[in-house]
Amino acid sequence: MPIGPWGRRPAERREVEAASAPGSDTALREAQPTCEQCGAVLAYAPGSDELECAYCGHRNRIEVAPVAIVEHDLSAALRDQRAAAPLDETEVVTCSACAASFTFDPDVHAGECPFCGHAIVTDTGAHRQIKPEAVLPFEIAEPAARERVRAWLHGLWFAPNRLKRFGQADGALHGVYLPYWTFDSATTTDYRGRRGDVYYEPRQVRVNVGGKTQVRTEMVRKVRWTPARGRVSRNFDDVLVLASPSLPVWMTDRLEPWDLGGIKPYTAYYLTGFQAEAYRVELDAGFALADEKMKKRIAGDVRLHIGGDLQQITSMDVHHADTTFKHILLPVWLGAFRYGNQSYHVSVNGQTGAVQGERPYSWWKIAGAVLLLAIIGGILAFIYVQSGGRLG
Ligand SMILES: [Zn+2]
Ligand SMILES: [Zn+2]
């Protein structure tokens, strides 16, 4: 079992703010849970409501207090975070290569950053943040996730052979809960723009037919633009924003969709045996990202509202009301591997098993394929010439 500079002390979480906040579960997160049969350290068993003992195999039931998942008022939180949402102090390690901060369980993991594969050398530190309100527990266990990655790698064209061996031997996957913000908002938008209606107008044209000039009638497409203005409303529910820059955006976007129906009130039990990343995108920046996402939907509403064949939007004044947020954790299996001196990421949605990844190309294989095609082309051309050009 590897022992890092952070020692073997289990990740420790403690409540910082007064426990008067709704949804607080101080009692549940006091200590690292241990097996009721043998006393060993436990890990959450994906797809269950149980903690599994790695030593005796005993399944320990997670007792979750019946607390509601609370959405917090955004404007109050932006004025004063402590007033609106309970804070939490967590022991985290920070990767010196990519700056990701995450909880670390030395009983389970080797000393490697799940985001970039770099060996972790930095100290632990306490991180004071808005407490996660909810967690989507892992559904897919590690062997199943590895199987998905293996299948994905085998399906890749032009991948180097060494890469294809990943997943068989050296490719360890890290189970990580990624930090997200979700926002609800009732929006009203005043817009201005133009509506375009297509119509056709006859036009006389002279054409040359067999040396004679004829006059013909042709229909020409035209657009009649008229000014448009109005108001549209839309209520948004659970607009998701990743609160971390640790993974490329195209990859995390493609991890969607998430089914947030399976979300549970936060308890650290679901995190045992896994890592959880601390958010690095603050609440206000997170809301700015959510606002951009919402604006895209609203623009679609505005186009429908303008009607006609074509629409131009010159301005949208979006008003948010009753905006609430929560901080949630979503499950992802991550593999980071180095190839050459590049680092590549593979991710598996811990709920659905969908795989996304960056991948290197083998230029030798591509060159080989191009050469092969050229040879086949040459042979075909040869046969064609030999047959006197009567083929096909
Ligand atoms: Zn046990
Ligand atoms: Zn890193």
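Counting only strands (runs of 3 or more DSSP E) that sit wholly inside region 274-357, those with at least 2 residues that are of a type in the set (G, A, S) are 310-339, 342-349. Pairs linking a residue in region 56-77 that is at pLDDT below 80 to a residue that is within 16 Å of ligand 1 (Cβ to nearest atom), with Cβ atoms under 8 Å and 6 or more positions apart or on different chains, are V64/Y269.
Within region 124-132, is even one residue at pLDDT 85 or above, within 16 Å of ligand 2 (Cβ to nearest atom), touching a Pro at 6+ places or on another chain (Cβ under 8 Å) and not in a loop (DSSP other than H, G, I, E, B)? Scanning region 124-132, I find no residue that is at pLDDT 85 or above, within 16 Å of ligand 2 (Cβ to nearest atom), touching a Pro at 6+ places or on another chain (Cβ under 8 Å) and not in a loop (DSSP other than H, G, I, E, B), so the answer is no.
Sub-7 Å Cβ pairs linking a first residue in region 208-232 that is closer than 30 Å to I298 by Cα to a second residue that is not in a strand (DSSP E or B), at least 6 apart or interchain, are A228/I306; G230/H305; V232/I298; V232/D301; V232/V302; V232/H305, ordered by first then second residue.
Condition check ((1) aliphatic (A, V, I, L, M); (2) outside the structural domain of Q356 (by TED's automatic domain parsing); (3) touching a residue at least 12 places away in the same chain (Cβ under 8 Å)) across all residues:
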| position | (1), (2), (3) |
| --- | --- |
| S244 | no, no, yes |
| L255 | yes, no, yes |
| G261 | no, no, no |
| T272 | no, no, yes |
| A288 | yes, no, no |
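State which residue is farthest from ligand 1 (Cβ to nearest atom) when the search covers only region 105-123 and only residues that are within 16 Å of F274 (Cβ to Cβ), modelled with pLDDT of 75 or more and in a loop (DSSP other than H, G, I, E, B). The extreme case among them is F115. For region 271-299, a tally of residues being more than 23 Å from D237 (Cβ to Cβ), of a type outside the set (D, E) and touching a Phe, Trp or Tyr at 6+ places or on another chain (Cβ under 9 Å) returns 7. Take S101 and tell me if it is modelled with pLDDT under 70 and either over 27 Å from V239 (Cβ atoms) or of a type outside the set (K, R) (or both). Here the answer is no, as S101 does not meet what is asked.
Got at least one residue in region 247-258 being under 13 Å from the mean Cα position of the chain (by Cα), farther than 14 Å from T182 by Cα and polar (S, T, N, Q)? Scanning region 247-258, I find at least one residue that is under 13 Å from the mean Cα position of the chain (by Cα), farther than 14 Å from T182 by Cα and polar (S, T, N, Q), so the answer is yes.
The single condition among (1) buried (at least 20 other Cβ atoms within 10 Å of the Cβ); (2) in a strand (DSSP E or B) that R206 does not meet is (1). The combined condition, being loosely packed, with under 15 Cβ neighbours inside 10 Å and more than 15 Å from R192 (Cβ to Cβ), is not fulfilled by K326.
The values are calculated or read from the model by the stated rules, or taken from the named source; none is laboratory data. The shown structure was predicted, so the numbers you read here are calculated from the model rather than taken from an experiment. Note that each Cβ is placed from the backbone with ideal geometry, even for glycine, and that neighbours are counted across all protein chains shown.
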